[in-house]
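Trainee: What follows is a single structure, and I will ask about it in a moment.
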Amino acid sequence: MTQDQKDEELYKASLEAFFNNELEADKTILGLSVAAIGFFMALFLNKDFQITEIMFITIIIALISFLAVSSMIMLIFIRNKKQILHIIETTGGLKEDLFLDFLDKWKYLPFIIGIICSIIFTLSLIYGKISTKETPMAKEKIERPSPKVERVISKAQENNSSAGISGLQEANKTPPPPTDSNKSGETDGK
């Protein structure tokens, strides 16, 4: 086998591998985009799920991005088919498709934007879940005093109810500071 034959076989194998790799990458991106569209649409249709403003904005941007990616890849499949048929009909003559080149170069940008929006949505969802878990616990601590405080409150209520209004006035008075009458008397006597 000569070097030219080896180069030709290597070119054939690498060309086929390149097309298969591009095809698989496009299929994967299309599948992920369609799954993301379905996920976000299910969130919109779920009445029990509360969506904040940040979540709403990121969902809309992600949906638009994933729809754009899906459309671009479907157009790539259609244009690739037409281009391959043209190559077969003209026995290898390749006419460059500028629109197909544009789609191939720019299909990743809306996909990346959709992924970033999905990450922001997820972080917002996690933050919302954490903040809602802390709020009921804080309310519970404020609304329910400890058993020790409840006993003191109920004991004070019992004492106040039995003593009447005058008992309340007595309970509110602070005792005067203790005076040391013995020491003052000793100093006066000497």
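Trainee: If we keep just the residues of region 76-112 that are of a type in the set (A, V, I, L, M) and open to solvent by 70 Å² or more (accessible area, probe 1.4 Å), which is farthest from the chain's Cα centre (by Cα)?
Mentor: Ile88
Trainee: Continuing with the same structure: Would you mind stating whether Ile54 is open to solvent by less than 80 Å² (accessible area, probe 1.4 Å), in a helix (DSSP H, G or I) and among the hydrophobic types (A, V, I, L, M, F, W, C)?
Mentor: So Ile54 fails the test.
Trainee: Then there is this: What is the residue count in region 67-93 for residues that are under 16 Å from Leu103 (Cα atoms) and of a type outside the set (A, V, I, L, M, F, W, C)?
Mentor: Total meeting the criteria: 7.
The values are calculated or read from the model by the stated rules, or taken from the named source; none is laboratory data. As the structure is a computational prediction, the values presented were derived from the model and not from experiment. Protein only, heavy atoms only, side chains kept; ligands, DNA and RNA dropped before computing areas. Shrake-Rupley method; radii C 1.70, N 1.55, O 1.52, S 1.80 Å.
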